[in-house]
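The values are calculated or read from the model by the stated rules, or taken from the named source; none is laboratory data. Remember, it's a predicted structure, so these values are computed and weren't measured experimentally. Cβ coordinates were reconstructed from backbone atoms using ideal geometry, including for glycine residues, and neighbour counts include every protein chain displayed. When the accessible area is computed, the model is the full protein with side chains, heavy atoms only, and any ligands, DNA or RNA have been set aside. Shrake-Rupley method; radii C 1.70, N 1.55, O 1.52, S 1.80 Å.
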Amino acid sequence: MTDTKKIVITTETTGLYPKDGHKLVEIAAIEIDENDIQTGVVFHAYINPERRISKNVTVIHGLDYKFLKNYPPFAAYKGEFLRFIEGKEIIGHHVQFDMNFINNEVGFELPNKVTDTLEMARKAFPGQKYSLCALSERLNIKIKHSPYNGALLDALYAYEIYKRLKNISFSA
């Protein structure tokens with residue numbers, strides 16, 4: 001049975017390609033209900049990638065191995081994470097990137113329906129910039145005093161972008 005709830009997800013990684021041995025270092029997911037309202041249920045984990053992280057990548061997300069080595073590897077979160085997303089639609093910005101890493105970590109391709117706000121943005125704003133920052137500016141999204149940072153903050157921005165694009169991209 002499919003749950004009517006959805007999950008807005010973002011990840012941080014050690015690099016670009018799981019096939020090259022790159023791993024998740026942070027995963028964040030915000031649950032929303034059938035009316036696209038946050039339920040207050042959140043999944044968040046820092047993950048020990050069990051490998052070094054280049055300084056170039058650390059500059060992007062601020063996470064380094066010295067910090068992450070104190071957290072368990074993804075396997076410790078796998079069961080909880082799979083229960084959290086079971087039967088729920090997954091929403092994210094450039095979500096296939098996230099799903100490639102998640103599928104690699106869980107060891108199989110997840111069957112969840114996936115919605116990509118990047119694809120929605122391309123339909124709504126052809127030829128424009130599509131980063132979370134550019135879309136947040138274009139859609140006048142300002143998140144004040146968020147309790148979140150890192151991947152959780154990105155998930156919150158992706159959620160706000162999703163809500164706005166839902167009403168733009170398919171009515172045009």
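Details
- Subset of segment 54-96 (residues that are in contact with a Lys or Arg (Cβ under 9 Å, 6 or more places away or on another chain) and on the phi < 0 side of the Ramachandran plot): Asp64, Tyr65, Pro73, Phe74, Lys88, Glu89, Ile90, Ile91
- Looking only at segment 3-54, residues that are among the charged types (D, E, K, R), open to solvent by 50 Å² or more (accessible area, probe 1.4 Å) and either assigned to a loop (DSSP other than H, G, I, E, B) or within 13 Å of Asp154 (Cα to Cα) (or both) come to 7 in all.
Results for (1) within 17 Å of Ala151 (Cα to Cα); (2) open to solvent by 30 Å² or more (accessible area, probe 1.4 Å); (3) aromatic (Phe, Trp, Tyr), shown as yes or no for each residue.
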site	(1), (2), (3)
Asp64	yes, yes, no
Tyr71	yes, yes, yes
Leu82	no, yes, no
Glu86	no, yes, no
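- Answer from Thr58, Thr39, Thr4, Thr14 - the residue that is within 16 Å of the chain's Cα centre (by Cα) and not hydrophobic (A, V, I, L, M, F, W, C): Thr14
- Residue match in segment 104-114 (condition: part of a loop (DSSP other than H, G, I, E, B) and under 24 Å from Ala134 (Cα atoms)): no
- Ile90 under 13 Å from Ala29 (Cβ atoms), open to solvent by less than 20 Å² (accessible area, probe 1.4 Å) and outside any helix (DSSP H, G or I): yes
- Matching option when the condition is in contact with a His (Cβ under 7 Å, 6 or more places away or on another chain) and either outside any loop (DSSP other than H, G, I, E, B) or buried (at least 17 other Cβ atoms within 10 Å of the Cβ) (or both), among Ala158, Ala121, Ala134: Ala158
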